[in-house]
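Enquirer: I'd like to ask you about the structure that follows.
The values are calculated or read from the model by the stated rules, or taken from the named source; none is laboratory data. Since this is a predicted model, take the numbers as computed values, not measurements. Because the Cβ atoms are built from the backbone with ideal geometry, glycine has one as well, and the counts that use them run over all protein chains shown. To get the accessible areas, we keep the full protein, side chains included, count just its heavy atoms, and leave off ligands, DNA and RNA. Shrake-Rupley method; radii C 1.70, N 1.55, O 1.52, S 1.80 Å.
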Amino acid sequence: MNRFIEWLDQNLSLKVMAILLAIILWFQAMSDLNPVGQREIHDIPIALQNLDENLVVLAQSAERVTVVVQADRQRLEKLDPREFRAYVDLMGASAGKGSFRVEIMAPADLTAVYARPAQASVTLDRRARKQVPVHVTLVGAPGTDHAHKPATVRPDYAVVEGPNSRVQLVEAVVAEVDITGATADLTGTVPVRAVDASGNEVHGVTPTPLIAEVGVPIVQLPPAVALPVAITPVGKPAAGYVVTGILVEPATVTVRGFREVLEKLTELRRVVSVEGLNAPAQVVVELELPPGVLEVTPSSVTVFVQVAKGD
């Protein structure tokens, strides 16, 4: 034992250096056998954490990230994308646009882990609700000699929910029904969508309910009938003049409409102004469709007004 201690005391510094060199060479050998490398894990979804319940996400610059990992070769070969989780912490965030760090949860034995991109821009808006009417939009035309009557819809109103800036754009919820070629009543449930004042769909909001019950009555039209056009003059001709006659060309027009309406119609009446006339006048008059009348042929008539000096 004493001899070992004496041997150890001799050239101690050289012996320590030899041990350190051996350790370094061992690590070098292990590094050569299993070198450190880098690998990219793509398409890791970004979760949004701690979002205030009164806020909603309006826009997000990145929904997925690439995770860059450094580790030894053997570990890199065994990496599974399910070992990684990316998230943005929205604790304390308010309405508006902000930039947030993308955090990565990964196994502790990896040498280095970072996300690309490292930041994500998130735009938040206040959550809002709004009640709007439910309308029916009809597409196409019924079958030959058929017409539709006003559609019915239930419920009359729906509630839309989403980002305040988008909810305020919504003017109605519409249910679209295709009546092309229909010859019988149409009924059923139809999905609805939110639209603005111009009829354009507003995305990013959710209507409740998501469907509406719609009914579209389809009726067969009776044969067309010929009706006279009656013109009533309004106003006063020029001083000293009177209306001596009114002619209409054509005198009768062809009318199509619902049976119960046509049975009560005896003429189509329009008014023509004769205010200030001191000579014969010719006026083209567009024929307005009374309720329940669907088509008038021709759609306009020419009115000839005769005036002459009075007594």
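Enquirer: Counting only residues that are part of a strand (DSSP E or B) and touching a Gly at 6+ places or on another chain (Cβ under 7 Å), how many does the range 235-254 have?
Expert: Qualifying residue count for the region: 2.
Enquirer: Still on this model: Does the range 71-81 include one or more residues that are closer than 14 Å to residue 44 by Cβ and exposed (fewer than 14 other Cβ atoms within 10 Å of the Cβ)?
Expert: Scanning the range 71-81, I find at least one residue that is closer than 14 Å to residue 44 by Cβ and exposed (fewer than 14 other Cβ atoms within 10 Å of the Cβ), so the answer is yes.
Enquirer: Could you check residue 285 against (1) open to solvent by 30 Å² or more (accessible area, probe 1.4 Å); (2) within 26 Å of residue 257 (Cα to Cα); (3) in contact with a Lys or Arg (Cβ under 8 Å, 6 or more places away or on another chain) and say which number it fails?
Expert: (1)
Enquirer: Also: Taking the stated definitions as given, is residue 219 closer than 29 Å to residue 136 by Cβ and open to solvent by 30 Å² or more (accessible area, probe 1.4 Å)?
Expert: It is true that residue 219 is closer than 29 Å to residue 136 by Cβ and open to solvent by 30 Å² or more (accessible area, probe 1.4 Å).
Enquirer: Is it the case that some residue within the range 86-105 is open to solvent by 40 Å² or more (accessible area, probe 1.4 Å), under 23 Å from residue 203 (Cβ atoms) and either among the basic types (Lys, Arg) or free of Cβ contacts under 8 Å to residues at least 40 places away in the same chain (or both)?
Expert: For the range 86-105, residues open to solvent by 40 Å² or more (accessible area, probe 1.4 Å), under 23 Å from residue 203 (Cβ atoms) and either among the basic types (Lys, Arg) or free of Cβ contacts under 8 Å to residues at least 40 places away in the same chain (or both): present.
Enquirer: Checking residue 235 against (1) among the small types (Gly, Ala, Ser); (2) loosely packed, with under 12 Cβ neighbours inside 10 Å; (3) in contact with a strand residue (DSSP E or B) (Cβ under 8 Å, 6 or more places away or on another chain), only one condition comes out false. Which one?
Expert: (2)
Enquirer: Something else now. Does residue 229 satisfy the criteria of being part of a strand (DSSP E or B), open to solvent by less than 20 Å² (accessible area, probe 1.4 Å) and hydrophobic (A, V, I, L, M, F, W, C)?
Expert: yes
Enquirer: Can you tell me which residue among 134, 113 is at pLDDT below 95 and β-branched (Val, Ile, Thr)?
Expert: 113
Enquirer: When the residues of the range 167-190 are filtered to those that are closer than 27 Å to residue 126 by Cβ and without any contact (Cβ under 8 Å) to a residue 40 or more places away in the chain, which remaining residue is least open to solvent (accessible area, probe 1.4 Å)?
Expert: Among them, the one singled out is 167.
Enquirer: So, one more: It is to be established whether one or more residues within the range 227-249 are closer than 30 Å to residue 60 by Cβ and without any contact (Cβ under 8 Å) to a residue 40 or more places away in the chain.
Expert: no
Enquirer: Out of the residues in the range 288-311 that are at negative phi and touching a Gly at 6+ places or on another chain (Cβ under 7 Å), state the one that is most open to solvent (accessible area, probe 1.4 Å). Write out each step before concluding.
Expert: Within the range 288-311, the subset at negative phi is 288-291, 293-311.
Still in the list and also touching a Gly at 6+ places or on another chain (Cβ under 7 Å): 293-294, 306, 309-310.
Details: 293: 9, 294: 75, 306: 74, 309: 152, 310: 34 Å².
Across the range 288-311, the extreme among qualifying residues is 309.
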